[in-house]
Amino acid sequence: MNQDLSERLQQQVLNAANTSQPLQIKGSGSKIFLGHVAAGATLDVSAHRGIVSYDPVELVITARAGTPLRELEQTLSDANQMLPFEPPHFGLNTTLGGTIACGLSGPARPFNGSVRDYVLGVKMINGRGEILSFGGQVMKNVAGYDCSRLMSGAMGTLGVILEVSLKVLPKQAAEITLVNKTSLPQALDTMNHWAGKSLPLSAACYDGEHCYLRLSGAKTAVESARLLIGGEQHAASHAFWQNVKEHQHPFFQSEQPLWRLSLPAEGPPLDIPGEWFIDWCGAQRWLLSNSSAEIIRQQAQQAGGHATLFRRGPAAAHTETFQLPADGVMQLHHRLKQAFDPAAIFNPGRLYPGL
């Protein structure tokens, strides 16, 4: 059945390429808010689902793009394993393909790595209607390895993901979260200080009043780190980080534009009016603000980072989502687009204008 569906998707792409018909690739639509809605006919990949192979001993799982992320995570959980990058769902039926295409990682990102760090291989349909396979199911396979990683964060602009092979890891034996009331500058110092030590730190954030440090690992290592760091132990560690990851924390319940600033973790607070939520030890900073995009992006760039308009809100309905990269980087984007999707049919404008 899935083979037939792959062929039908391939035929739809071929037809679109032959007629220069743009396609909007769609799974569950849980992240349709991110970026501009692409013009074109809908190419629904949600039915192309199911786990192709899973070897807990080898720590590798391969699944089709339409596989619901919750099903994949449940399969891993049953074997006491997990996706180390803790991808956010933002919906009940989030798919694996959308997760890879958006390239979003959760609270563990600074300590475990990003989505692309765990992508071993990808099967996809390019803009010529060809089914291509890159990478494999082992870390040592380097043939086309970088091409499979290119799919992470490309927002579907390079092709239709059919299957993904991912490296997974065992769940940690113990987890606790320590809480301390502090100021923003002190929280940044604290998070970066402990992140530089050989401790089982797996998440660190600041909500405007309290600094939260999550410890995950062997029970003895977690307990030793707890005694060293000090602070109150959070009564519901898992629920807290789940709410942070899924934007269910009270901070995110706002109609103001939500900005995501990617900055050097050790950088000082920025002088932009609004409310802040600091994650990833300071490398990911969420901002609720009605300040102009020019001011926010200028300050982010001066601080050595960039700003993404994550959720628009009524005050920023026409603002570009992603900050344009430098000219040289943009040229690389266009070359990749030309190589993978020469007719420019996949998700036009979703990532950057003209791409």
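A few comments on the model shown:
- Unsatisfied cross-links (Cα-Cα over 32 Å) in the set Lys31/Lys197; Lys123/Lys171; Lys171/Lys337: Lys31/Lys197; Lys171/Lys337
- In the stretch 223-355 the Cα-Cα distances spread across 5 Å bins starting at 0 as 2, 8, 15, 16, 16, 14, 12, 8, 4, 3, 1, 0 percent of all pairs.
- Mean separation of Cα contacts under 8 Å, 6 or more apart, over the residue count of the chain: relative contact order %: 19
- Label point 7 Å beyond Cα of His334 along Cβ direction - residues of the stretch 294-324 with amide nitrogen under 16 Å: 324
- When restricted to Cα atoms, the chain yields an Rg and a Dmax of 20.7, 65 Å, respectively.
- Listed by chain and number, the aspartates and glutamates whose alpha-carbon sits under 18 Å from that of Lys219, ignoring those within fewer than 8 places in the same chain, are Glu175, Glu232.
- DSSP-defined antiparallel bridges as percent of all bridges, the stretch 1-98, nearest 5: 55
- When only the Cβ of Lys, Arg, Asp and Glu is charged (+1, +1, -1, -1), the dipole of the stretch 174-245 relative to its Cα centre reaches about 180 debye.
- Value of D in µm² per second that Stokes-Einstein yields for the stretch 2-170, Kirkwood Rh from Cα pairs, at 10 °C (1.306 mPa s): 100
- Distant alpha-carbon pairs in the stretch 117-225 (separation over 20 angstrom), percent: 59
- For the stretch 174-245, fraction of C-alpha pairs farther apart than 22 Å, in %: 13
- Taking all Cα pairs closer than 8 Å and separated by 6 or more residues, the relative contact order of the stretch 1-90 comes to 21 percent.
Quick note: the coordinates plus some simple rules give every number you see, no bench work behind them. Fair warning: this is a prediction, and the values are worked out from it, not measured in the lab. We place every Cβ from the backbone using ideal geometry, glycine too, and count neighbours over all the protein chains shown.
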